[in-house]
Amino acid sequence: MPARYPLVLIAAFLLASAAPQQAAGAAAVPDTSTIPDHVLSTWDARVGRSPTNVEVGDPAYQYTFHGTVRNQFGDPIAGWPASDVVLEINAPCQNPVALHPDTNTNVQGQLTWSAIKLDQGGGSCTGPMVATVRFVSIGVYKTFSEVTSPDEDGNGLIALPDLSIFQQAFVSGGPQFQGDLNLSGGAPDLGDLVFFQRHFIAQIGEP
């Protein structure tokens, strides 16, 4: 029996030495609870902007945009950096731009693009992927086929030519991206007319 002890000790030593090496070489399992999920992360259905978005002054007539970032379990992801998320308005839209949200995700996983973020050159447009929500480190999470603005022609002013475009959409019952200015999802109605009027008057009131 004593002669076996050296063999037992050597075997134990070899096993102890090999174990850390195996653990170090094993592939790390990604923590998916910290990764935004394409399906369960949610975003507003439509995108709007206006060069008088702040000047209107009434939140009921201001464009904002929101999202909630969730993992594959549906749990909100807090603290995701605003610098890694962009709302992109792309060509052929007039005035293409990439906008980061106001702050990192809050404890509910929410992101907000406030009225001041969307207070910029307008242009109503439609087409594949004219707007996207992109995680810089991951990729595109949401695409939009239209962008709406009371600055219908995208020249940075809300004036009579824009009223003419809106009026045609109002009378014809569409297209939605030109007529449904309040983003209600329905055919153009009096609510959209009031929305246009508010932004038109705000333009006139600017120095």
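The values are calculated or read from the model by the stated rules, or taken from the named source; none is laboratory data. The structure displayed is predicted, hence computed values, not measured ones. Glycine gets a Cβ as well: all are built from the backbone with ideal geometry, and neighbour counts include every protein chain shown.
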Extreme residue, surrounded by the most Cβ atoms within 10 Å (Cβ to Cβ), among residues of segment 36-62 that are without any contact (Cβ under 8 Å) to a residue 60 or more places away in the chain and not charged (D, E, K, R): Gln62
Within segment 160-194, considering residues that are in contact with a helix residue (DSSP H, G or I) (Cβ under 7 Å, 6 or more places away or on another chain), among the polar types (S, T, N, Q) and within 11 Å of Thr148 (Cα to Cα), the one surrounded by the most Cβ atoms within 10 Å (Cβ to Cβ): Gln178
Failed criterion for Thr126 (all others in (1) out of contact with any helix residue (DSSP H, G or I) (no Cβ under 7 Å at 6 or more places or on another chain); (2) assigned to a strand (DSSP E or B) hold): (1)
Positions within segment 110-123 being more than 11 Å from His66 (Cβ to Cβ), at pLDDT 95 or above and touching a strand residue (DSSP E or B) at 6+ places or on another chain (Cβ under 6 Å), in sequence order: Lys117
Residue list for segment 106-159, restricted to those being crowded, with 18+ Cβ neighbours inside 10 Å, closer than 22 Å to Phe200 by Cα and β-branched (Val, Ile, Thr): Val147, Thr148, Ile158
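Here is a check on your reading of the model: is Asn155 in contact with a helix residue (DSSP H, G or I) (Cβ under 6 Å, 6 or more places away or on another chain), closer than 24 Å to Pro96 by Cα and of a type outside the set (A, V, I, L, M, F, W, C)?
When the stated conditions are applied, Asn155 does not pass them.
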All positions within segment 49-68 that are part of a strand (DSSP E or B) and within 10 Å of Ala115 (Cα to Cα): Ser50, Phe65
Selection status of Ala78, more than 13 Å from the chain's Cα centre (by Cα), in contact (Cβ under 8 Å) with a residue 24 or more places away in the chain and within 23 Å of Thr34 (Cα to Cα): yes
